[in-house]
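Have a look at the structure below, then the notes.
The values are calculated or read from the model by the stated rules, or taken from the named source; none is laboratory data. In this text the structure is predicted, and so the values were computed from the model without any measurement. All Cβ positions, glycine included, derive from the backbone under ideal geometry; neighbour counts span all protein chains shown.
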Amino acid sequence: MADNPGDKSKDEKKEKREFIRETIVKREPPRRWGRLALFTLGMGLVFGLAASLTFVVSRPFWEERFGETEPPESITLNRDDLTTAPVTTEAPATQAPAESGTAVDREELERMVQAAVDRSRNGIEDVKGIYTAVGNTMVEANKGLVTVTAEFTDKDWFDNEFSSDQQSSGIIVAITSQEVLILTDSAIVSGQESVHISFGNHGEGDAYLKQIDETTGVAVVAVPADSLEDDLRAYIQPAALGNSYLTTQGSPVIAMGSPMGAMKSVGFGIISYINNNVQGEDSQLRVMYTDIVGGSSSSGFLYNLDGEVVGWITGKYGSTDKTNVIRALSVSDMKGVIERLSNGAQIACLGIKGQSVSATVSEERGIPMGIYITKCVTDKPAYLAGLQSGDILTAVDGTAVAAMKDLQTLLETLPADAQVEVTIQRGGREGYAEKVFAVQLVPR
């Protein structure tokens, strides 16, 4: 039986009426949201306090493991002036009789003879006193003298690896709250991540490279101060760096470190000869020769009788025909380099060797005053910029340089990668003409 159309119409109307009766009710936010917000804020405060407490407690551990976060303290060394040592004269022990035509008084003659006898008897005591004083100086100097040991790995003919230790001496140049800074030979620490330091029989420590200067041949390494025992830290002290410009021919000196080629060997003698005009790269150096016979691998330091370091023992500078005697580079010439390396800074390199043109030479030879360039080191900044041997260097960045010492001091204050304007006088057919070159310095 077919569906009745009227019934369908009634059902559709009923569905429409039911849809129209439905209403949408706006949902109210639950009251517990306020409590949830307060709970979240409270937990944030709790976690923040916990994180802060964890940082404070764990900070010493991480600083010890990964190093001090604060920057190292800077050190400053006083520079020495080129001065002449004071001349001292001593009155004779006994006064010679006046020349006259009269006979010498018998009592006076007997007194002079007795004085000579007494001096001969006391001579050995005088010698003992001298060496006792030397020994006391060495005891104090040892507090700032160390042994630096580096381990090197190599291969034999059969490609088997083996390790060997090499040693050199060093001195403590400064002690800060963070580091013990040690000056030593660059050859022993070059390429080493760490080296071992022996403070005599009083303790040991491991050091890291602070900075190196291959041109001079020295380096500074640092031992973390908090890695040393309290007793050792109380014992060690920085070496006193003296004014070696006051060390003259005939001055007594003590060689310590490894002057005979063996660690902890010593020597005693005098300064026999001084060369004040040794040409170094970007420097003029003072090399002191002693009468102390050393070994083929001598190293160490020269001390005066006041216990001050006046020289660094090296075969790098000076005449090669005097290899059997100990010679040392003046420590006063090195103080600027030592300060820069101790502060972790590199030294700027221009790359010239030269001689100062004094006013007298300038007048006699008709050349400008300044630095007569005797050599531009191949592939160094001056060479690459176009400077030549025979040029007279007169200024760097507008600062006059009348002598090699002026240039040396100036380069020790410049950033190692600075670009500078170098002013020179270059000779030609019509005389000397000024030229300015842009020079890119590099670390040496």
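At-a-glance table
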item: Selection from region 355-411 of residues that are closer than 18 Å to TYR432 by Cα, of a type outside the set (A, V, I, L, M, F, W, C) and part of a strand (DSSP E or B); result: GLN355, SER356, GLY370, TYR372, THR374, THR394
item: Residue match in region 159-181 (condition: exposed (fewer than 14 other Cβ atoms within 10 Å of the Cβ) and aromatic (Phe, Trp, Tyr)); result: yes
item: Wholly within region 236-327, strands (runs of 3 or more DSSP E) carrying at least 2 residues that are over 30 Å from VAL223 (Cα atoms) and in contact with a Pro (Cβ under 8 Å, 6 or more places away or on another chain); result: 265-280
item: Yes/no for GLU110 being modelled with pLDDT under 70, assigned to a helix (DSSP H, G or I) and not hydroxyl-bearing (Ser, Thr, Tyr); result: yes
item: Within region 339-356, tally of residues that are out of contact with any helix residue (DSSP H, G or I) (no Cβ under 8 Å at 6 or more places or on another chain) and surrounded by fewer than 22 Cβ atoms within 10 Å (Cβ to Cβ); result: 6
item: Any hit, region 410-424, residues being surrounded by 13 or more Cβ atoms within 10 Å (Cβ to Cβ), among the polar types (S, T, N, Q), under 22 Å from ASP80 (Cβ atoms) and modelled with pLDDT under 95; result: no
item: Complete set of residues in region 273-332 that are surrounded by 21 or more Cβ atoms within 10 Å (Cβ to Cβ), out of contact with any Asp or Glu (no Cβ under 9 Å at 6 or more places or on another chain) and of a type in the set (Lys, Arg); result: ARG327
item: Test: ASP213 is over 23 Å from ASN276 (Cβ atoms) and either surrounded by fewer than 23 Cβ atoms within 10 Å (Cβ to Cβ) or in contact (Cβ under 8 Å) with a residue 12 or more places away in the chain (or both); result: no
item: Residues (in contact with a Leu (Cβ under 9 Å, 6 or more places away or on another chain) and hydrophobic (A, V, I, L, M, F, W, C)) located in region 240-288; result: LEU241, VAL253, ILE254, ALA255, MET256, ILE271, VAL278, LEU285, VAL287, MET288
